[in-house]
1. Could you run through region B:81-92 and say how many residues are surrounded by fewer than 17 Cβ atoms within 10 Å (Cβ to Cβ) and within 11 Å of chain A (Cβ to nearest Cβ)?
2. Kindly check whether there is at least one residue in region A:138-153 that is in contact with a Pro (Cβ under 7 Å, 6 or more places away or on another chain), part of a helix (DSSP H, G or I) and within 25 Å of A:Leu277 (Cα to Cα).
3. Looking at B:Met1 and the list (1) surrounded by fewer than 21 Cβ atoms within 10 Å (Cβ to Cβ); (2) touching a residue at least 12 places away in the same chain (Cβ under 8 Å); (3) touching a helix residue (DSSP H, G or I) at 6+ places or on another chain (Cβ under 8 Å), which single condition is not satisfied?
4. Out of the residues in region A:357-373 that are out of contact with any Gly (no Cβ under 8 Å at 6 or more places or on another chain) and not aliphatic (A, V, I, L, M), which is surrounded by the most Cβ atoms within 10 Å (Cβ to Cβ)?
5. Quick one: is A:Gly375 among the small types (Gly, Ala, Ser), more than 13 Å from chain B (Cβ to nearest Cβ), over 27 Å from A:Thr83 (Cα atoms) and in a loop (DSSP other than H, G, I, E, B)?
6. If you check A:Ile198 against the conditions, is it of a type in the set (A, V, I, L, M), at pLDDT below 90 and either within 16 Å of the chain's Cα centre (by Cα) or within 30 Å of A:Asp106 (Cβ to Cβ) (or both)?
7. Could you go through region A:149-171 and let me know if any residue there is crowded, with 17+ Cβ neighbours inside 10 Å, of a type in the set (A, V, I, L, M, F, W, C) and over 28 Å from the mean Cα position of the chain (by Cα).
8. Here's a check for you: in region A:380-434, which residue that is among the aliphatic types (A, V, I, L, M) and outside any helix (DSSP H, G or I) is farthest from A:Ser319 (Cα to Cα)?
Amino acid sequence: MANFMDKFTKSLEEKLMPLAAKVANQRHLAAIKDGIIITVPIVIIGSVFLILAALPIPAVANFYATPLGATIQKWLLYPVSVTFDMIGIITCMGVAYRLSEYYKLDGISGAIISFVSFLLVTPFTITFTHEQYGELTATGIPLSRTGSAGLFVGIIMAILAVEIFNFIVKKNLVIKMPDMVPPAVSKTFVALIPGFIIVLVSLLIRIGFENTGFGNIHEVVTKLLTKPLTAIGGSYFGVVIVTILIHLLWTCGLHGANIVTGIVYPALYVLLDENRLAFSQGKPIQHVVTPQFFDIFQSMGGSGATFSLALMLLFWAKSKQLKEIGKLSIGPACFNINEPILFGLPIVMNPLLIIPFILAPLAAVTITYWTMKLGIVAKPTGIAIPWTTPPIISGYLVTGGKISGAVVQIVNFFVTGIIYYPFFKMWDSKKLQEESGEI
Amino acid sequence: MKKILLCCAAGMSTSLLVNKMKAAAEAKGEEVEIWAEPLDKAATEIPKSDVVLLGPQVKYALPELKKIADEHGKKIEAINMVDYGMMNGTKVLEAALKLLG
């Protein structure tokens, strides 16, 4: 059996390693991942104001019902809007910046040209209903397209613009300045011709879609990309696949979450923002799966939901090695960092321990998904918190201050503990035998 | 002063190791500067270092980063899994110094 498992993990590594390298190093996926990372601090800042504007304290809620309170609440929601409602644009610029860096192009030029091309394919008409005059249109940049709904268009325009930028620069079709011109000045001229062509291409896209039934590229992308991707990503099936994939990669010692996020997170950010919008408007929250579903509920204590295991190692381990790992890992585990457990126990390439390592997070996501889906546990509100936020507090915060969010984490803690326990015992006694020289 | 750069996905777990390595360096009386960065900063940080060590969980990035490291004449390698797991500052420091020759 052990022999078979050895072979199994070995062939897993041989097959997964090149695949992981391919996915992680693919320039567009890498740029999408790193571009989305740029939006994270912005979304967290917005979340702080979102929490303040919806503090789960009755006295505060009563205060917000007064005229003065309502004004203050309105003010608190301004920063929420300029952060969340801009993620499409910020992602567009972030992806463009990272991809430009990859091609060794001027990052800020790439980002700005992409931003312009994004705006160019976006219709500037906002339709709204007026009480007195009925349906009216106004001109402006529609917030409904610059937030998460424009995320995929933002990514597409960033990649398209920077690819054109790169192509033209590599073909050397740029205006060259004499050497005495300061580099900062000549850089802006390098971007001039590619910028012009990118604007032209974007304009053609705009005109092209205007003459189809769709009206604009946003409508097409929503139908063909955003809707199907978010439907798969937000389903239980999607959750299970992503969880298995992340942990299979980890069993070979590869950072599964880091590899998978470039593919999965764009769709999840759309769901996060739809929840945020519903939450700040006081409407029922729809989606269970957001980036926080994975960060907070799947990975409590780190990948593999090892928080319970960390405590077992600390308090129940009899072997010296496991006790040592327990001491080493408990601090970081409180912040969902568990490399000492993964590589020290180890779980990586360990045929015995990879079994609970895959089963425990699967149990955690199953419990969390269905209790939230059935309305027993509050859904994540769209509040984004750092993935390093300690367990229990994190569940409380992402659900918008609902005790049930913390309770489901406690339930997960015990269930994952029960799954890990027999394997922990076996491994501990094996180590103990090794230490006493019995093997 | 030898400059050692550690990289992992978010620069979190390598920063744990940085502290252990600093303590090991102090015990040895070795003059070193050690810091941790997330993977997406690696390209810009590599030129500032003498040697780069990758967390084993991001060793898939080694071929790509090696190109950059080679361009700047820097040494780069993934950290041994067991030493990483046990947060063995002494051994990882030794490995870094050995790479520097």
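The values are calculated or read from the model by the stated rules, or taken from the named source; none is laboratory data. All of these numbers come straight from a predicted model, not from anything done at the bench. Neighbour counts run over all protein chains shown; Cβ positions are idealised from the backbone, glycine included.
1. 1
2. Checking region A:138-153: at least one residue is in contact with a Pro (Cβ under 7 Å, 6 or more places away or on another chain), part of a helix (DSSP H, G or I) and within 25 Å of A:Leu277 (Cα to Cα).
3. Here B:Met1 clears every test but (3).
4. Only one residue tops the list, namely A:Thr368.
5. Yes, satisfied.
6. Considered against the rule, which asks whether it is of a type in the set (A, V, I, L, M), at pLDDT below 90 and either within 16 Å of the chain's Cα centre (by Cα) or within 30 Å of A:Asp106 (Cβ to Cβ) (or both), A:Ile198 comes out as no.
7. yes
8. So, considering only residues that are among the aliphatic types (A, V, I, L, M) and outside any helix (DSSP H, G or I), the one farthest from A:Ser319 (Cα to Cα) is A:Ile383.
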